[in-house]
Amino acid sequence: MTAAALSRRAGLTVSVVICAYTMERWADIIGAVESVRAQTHPADEVILVVDHNPELAAAAHAAFPDVRVIGNEEDRGLSGARNTGIGEARGDIVAFLDDDAAAGPTWLQTLLAHYDDPGVQGVGGSATAVWSGGPRPRWLPAEFDWVVGCTYVGQPTAPAVVRNLVGCNMSFRREVFTLVGGFSAAVGRVGRRPLGCEETELCIRLGNALPGGKLLYDPAINVMHRVSPDRRRFRYFRSRCYSEGLSKAVVSRMVGAASGLSAERTYVRSVLPRGVLQGLRQLVSLHPAGGARAFAIMFGLAATSLGYARGIAGNTWEHAAVAGAAESRGLQTSRGKG
């Protein structure tokens, strides 16, 4: 690496935001914080946002004297917690790590290297599943690892410009939030509710505001993402797929179906049929798990499509009102800091 590149990177400061909501993940939270402490390129600050849980906030204050522990100042949920972290962040780059994920030691170093390109507005990476409560379910197709918040078949296998980043492992220039606002509460997780797509909506909004800006995905920027035992069950798979469809419907309302479903169309037309064919071949070769995975792909697509149809048929004005209020709160939060 050239001295000039090192000099440019040395001028960028980084805030790492971790959002937490329950004491049930206390061991995971410790692991997430420890992984940030162990970075080869130290973070300039670590912010732990606690989502309306005084017990967790007190425990975090006592356990992490070197971490800025703050409460979610917005409505309960991941979007509000992230917006609170953005409002408090002082770094040029704001990086987000899930409370049940642990970053590899070169996470920040590799991530920051991509910001040497001034056109890059956001950088994210991969998430490797760490299964708790037993081995990976044999019926779960790798094409649907997004259900458990991890990297899935169909994502780039080398650095590439993408439409949106993965929520558990992403970063943005802080000025992005001044331009486009924060995460929308119309989508996104609240407690155990298996909704999502808040990062997708934000990334699409950013792409519309800065057509020349780049969001870069680099699989070498890796985190280990723990999958809790409840997420190993088919019941969770079914619920998460349906909820993803609902979320995509809301996002499509907010940014338009052309943008909201651009990546999904390729995934459905190309990635999923290959997965089904592979599973059926394995079944013919007397590997029953292959047939189970083929069935899960078709079931997951059907459940997601049903959720999307239900969301599109829902109350349009109600979704629009929620989205508008959330965007307004996000803008106010992001502009609260210079």
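The values are calculated or read from the model by the stated rules, or taken from the named source; none is laboratory data. Keep in mind the model is a prediction, meaning the values are calculated, not measured. Every residue, glycine as well, gets a Cβ built from its backbone with ideal geometry; the counts of neighbours run over all protein chains shown.
Key figures for this structure:
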quantity: Qualifying residue in the range 128-147 (condition: crowded, with 20+ Cβ neighbours inside 10 Å and among the small types (Gly, Ala, Ser)); calculated: no
quantity: Pairs with Cβ under 7 Å, 6+ apart, first in the range 109-122 and among the aromatic types (Phe, Trp, Tyr), second outside any helix (DSSP H, G or I); calculated: 115/12; 115/93; 115/123
quantity: Condition broken by residue 228, with the remaining ones in (1) among the small types (Gly, Ala, Ser); (2) within 30 Å of residue 27 (Cα to Cα); (3) buried (at least 22 other Cβ atoms within 10 Å of the Cβ) satisfied; calculated: (3)
quantity: Which listed residue, of 118, 54, is out of contact with any helix residue (DSSP H, G or I) (no Cβ under 8 Å at 6 or more places or on another chain), over 22 Å from residue 220 (Cα atoms) and surrounded by fewer than 17 Cβ atoms within 10 Å (Cβ to Cβ); calculated: 54
quantity: Scan of the range 176-193 for residues that are at pLDDT below 90 and surrounded by fewer than 19 Cβ atoms within 10 Å (Cβ to Cβ), ordered by number; calculated: 190, 191, 192, 193
quantity: Selection count, the range 32-84, where residues are polar (S, T, N, Q) and outside any loop (DSSP other than H, G, I, E, B); calculated: 4
quantity: Odd one out for residue 11, checked against (1) out of contact with any helix residue (DSSP H, G or I) (no Cβ under 8 Å at 6 or more places or on another chain); (2) more than 20 Å from residue 113 (Cβ to Cβ); (3) among the small types (Gly, Ala, Ser); calculated: (2)
quantity: Breaking point among (1) touching a strand residue (DSSP E or B) at 6+ places or on another chain (Cβ under 8 Å); (2) surrounded by fewer than 17 Cβ atoms within 10 Å (Cβ to Cβ); (3) hydroxyl-bearing (Ser, Thr, Tyr), for residue 40; calculated: (1)
quantity: Cross-chain or 6+ apart pairs with Cβ under 8 Å, the range 50-68 first and among the small types (Gly, Ala, Ser), then part of a loop (DSSP other than H, G, I, E, B) and crowded, with 16+ Cβ neighbours inside 10 Å; calculated: 60/67
quantity: Only listed residue being within 20 Å of the chain's Cα centre (by Cα), of a type in the set (Gly, Ala, Ser), at pLDDT 95 or above and under 23 Å from residue 127 (Cβ atoms), chosen from 263, 220, 296; calculated: 220
quantity: Matching option when the condition is exposed (fewer than 12 other Cβ atoms within 10 Å of the Cβ) and either within 17 Å of residue 97 (Cα to Cα) or modelled with pLDDT under 95 (or both), among 15, 7, 35; calculated: 7
quantity: Flag for residue 29 being under 23 Å from residue 197 (Cβ atoms), aliphatic (A, V, I, L, M), in a helix (DSSP H, G or I) and touching a strand residue (DSSP E or B) at 6+ places or on another chain (Cβ under 9 Å); calculated: no
quantity: Boolean, residue 76 is more than 29 Å from residue 158 (Cα to Cα), modelled with pLDDT under 95 and surrounded by fewer than 19 Cβ atoms within 10 Å (Cβ to Cβ); calculated: yes
quantity: Filtered residues of the range 270-313 (kept if closer than 17 Å to residue 244 by Cα and surrounded by fewer than 18 Cβ atoms within 10 Å (Cβ to Cβ)); calculated: 298, 299, 302, 305, 306, 309, 310, 312, 313
quantity: Residues located in the range 123-145, provided they are in a helix (DSSP H, G or I) and without any contact (Cβ under 8 Å) to a residue 24 or more places away in the chain; calculated: 145
quantity: Residue match in the range 263-274 (condition: acidic (Asp, Glu) and in contact (Cβ under 8 Å) with a residue 40 or more places away in the chain); calculated: no
